[in-house]
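The values are calculated or read from the model by the stated rules, or taken from the named source; none is laboratory data. Everything quoted here is computed from the prediction, not taken from an experiment. Counting neighbours? That spans all protein chains shown, and the Cβs are built from the backbone with ideal geometry, glycine included.
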Amino acid sequence: MSSLGGRRVLLVVSGGIAAYKSVMLVRLLRRAGARVDVVMTSSAERMVGVATFEALTGRPVFTDLWTEPLAHIELGREADLAVVAPATANILARMAHGLADDMATSTLLAAACPILVCPAMNLRMWANPATRENMRTLRSNGVHVVGPEEGELAEGEEGPGRMSEPDDIFQVAARLLVGKSGLAGRKVVVTAGPTLAPLDPVRFVGNRSSGRMGIALAMAAWTRGAEVTLIAGPTSVQPPHGPKVVRVETSEDMGRALETELDDASVLIMAAAVSDFVVDHPSETKIKKAGAEGLELRLEPGPDLLAETRKQRASRGILTLGFALETDDPIGNAMKKLSAKGLDLIAVNEAGRPDRGVDAETNQVTLIDSEGVVVEFPLMQKTEVAERLLDHLEERLS
Ligand code: CTP
């Protein structure tokens with residue numbers, strides 16, 4: 001999770017059932033170090049208690065314009081970001097028309113910071129031409145929007161209207177809060193997860209990989225303002241909202257996606273566990289068990305994607321970070337890979353330890369650069385490893 005230490009978020013909660021999800025959003029923002037001030041509409045108070053938000057934020061919650069007559073000006077002036085979650089059709093209409101008829105809308109009208117709205121309503125309210133027009137107005141006024149998502153709605157209907165999940169809102173909010181970094185506006189391509197080599201239409205040879213490290217890197221780069229493409233094999237972890245995701249299965253698919261995506265990229269982070277082997281002559285039909293005793297598979301080396309993209313990367317000056325998973329002499333082997341594959345940096349971790357690498361949520365990596373400088377990181381959450389690796393990439397870019 002990115003660090004939002006010192007950043008101030010104004011959370012406006014209006015009266016949608018999804019108000020309970022905003023409780024989780026507060027926790028995510030607080031955990032990342034942000035200060036959160038909550039303003040609730042009178043309808044929101046019917047959904048979630050003031051005490052819940054007060055306990056989670058450690059700050060008073062504002063519901064009435066007249067309790068502290070200048071609070072709406074101060075809150076709007078001090079915040080780095082205002083998030084309206086859930087944003088009902090009613091509050092969106094009031095915002096679009098510049099109304100200031102309660103504490104929530106007065107604070108938003110006086111806000112000097114970016115505003116992010118998270119619409120949540122019935123599907124027909126969302127589709128109503130009046131709401132469409134209000135959303136157009138808000139967007140053209142520079143208001144940021146996340147959601148709504150399609151899915152089951154409170155009344156048992158299905159369609160667009162569900163508020164986005166707290167994790168996704170958090171990521172968008174973090175991107176708006178972190179602001180400019182050395183990666184802002186640059187294209188970063190990240191590969192993640194395994195690739196599979198089919199042996200018949202239902203079976204494959206592949207590497208173990210959850211995709212967690214690559215996804216953490218993609219999200220961290222996206223939060224820093226980069227334009228991110230995540231080329232992902234079949235990962236067990238779902239990529240969250242934000243980066244463009246290109247799904248692939250085989251190493252060849254990943255190679256093709258890389259060739260296209262690298263065209264206008266500044267950075268490549270190759271975290272995928274690319275299958276090194278392809279099956280020689282995979283069967284076009286399912287290999288039946290009967291009669292398959294002593295079945296032998298012939299494997300051939302598959303494409304080395306870093307080697308294949310070396311020319312393209314060099315000619316475009318793409319800063320490249322590769323990974324190495326090693327069982328023996330990690331530093332020595334990683335250094336060899338760094339020079340053989342034409343990398344700027346390589347992050348190496350040891351295979352076969354349950355607290356790091358494949359499938360784990362934590363990782364311990366050592367970063368080596370092309371000048372031979374070795375930096376050993378402690379065992380950390382993969383999200384923290386991602387932040388540290390991006391700090392190094394940003395340093396190189398500057
Ligand atoms: N890689 C690649 N294409 C492959 C295999 C790996 O581009 N066919 C990339 C990985 O994404 C990683 C780096 O190369 O960034 C090193 O991967 P690793 O599996 O450690 O090395 P290999 O080249 O496969 O060498 P070996 O398996 O012999 O250790």
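Just a few scattered comments:
- Looking only at residues in segment 223-259 that are within 16 Å of the ligand (Cβ to nearest atom) and without any contact (Cβ under 8 Å) to a residue 24 or more places away in the chain, the one that is farthest from Glu149 (Cα to Cα) is Arg256.
- Among the numbered conditions (1) in contact with a strand residue (DSSP E or B) (Cβ under 6 Å, 6 or more places away or on another chain); (2) modelled with pLDDT under 95; (3) within 14 Å of the ligand (Cβ to nearest atom), the only one that Arg208 does not meet is (1).
- Those residues of segment 35-79 which are of a type in the set (D, E, K, R) and within 17 Å of Ser22 (Cβ to Cβ), in sequence order: Arg35, Asp37, Glu45, Arg46, Glu54, Arg59
- Among all positions in segment 246-261, there is at least one residue which is part of a strand (DSSP E or B), under 17 Å from the mean Cα position of the chain (by Cα), closer than 12 Å to Thr191 by Cα and not acidic (Asp, Glu).
- Test result for Ala82, closer than 23 Å to Tyr20 by Cα, under 30 Å from the mean Cα position of the chain (by Cα) and modelled with pLDDT of 95 or more: yes
- Considering Ala192, Ala220, Ala197, the condition of being touching a residue at least 60 places away in the same chain (Cβ under 8 Å), in contact with a Phe, Trp or Tyr (Cβ under 8 Å, 6 or more places away or on another chain) and among the aliphatic types (A, V, I, L, M) is satisfied by Ala197 alone.
Residue-wise test of (1) without any contact (Cβ under 8 Å) to a residue 60 or more places away in the chain; (2) within 13 Å of the ligand (Cβ to nearest atom); (3) outside any strand (DSSP E or B); (4) buried (at least 20 other Cβ atoms within 10 Å of the Cβ).
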site: Ile269; (1), (2), (3), (4): no, yes, no, yes
site: Leu295; (1), (2), (3), (4): yes, no, yes, no
site: Leu306; (1), (2), (3), (4): yes, yes, yes, yes
site: Gly322; (1), (2), (3), (4): yes, yes, no, yes
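- Residue identified as charged (D, E, K, R) and in contact (Cβ under 8 Å) with a residue 12 or more places away in the chain among Lys311, Lys337: Lys337
- Listed by position, the helices (runs of 4 or more DSSP H) contained in segment 41-147 that have at least 3 residues being within 15 Å of Leu11 (Cβ to Cβ) and free of Cβ contacts under 8 Å to residues at least 24 places away in the same chain are 50-57.
- Index of the failed condition, Ser140 passing every other in (1) more than 18 Å from Ala82 (Cα to Cα); (2) more than 16 Å from the ligand (Cβ to nearest atom); (3) not aromatic (Phe, Trp, Tyr): (1)
- Answer from Asp276, Asp280 - the residue that is more than 13 Å from the chain's Cα centre (by Cα) and more than 12 Å from the ligand (Cβ to nearest atom): Asp280
- Residue within segment 154-161 that is touching a residue at least 60 places away in the same chain (Cβ under 8 Å) and either in a helix (DSSP H, G or I) or crowded, with 20+ Cβ neighbours inside 10 Å (or both) present: no
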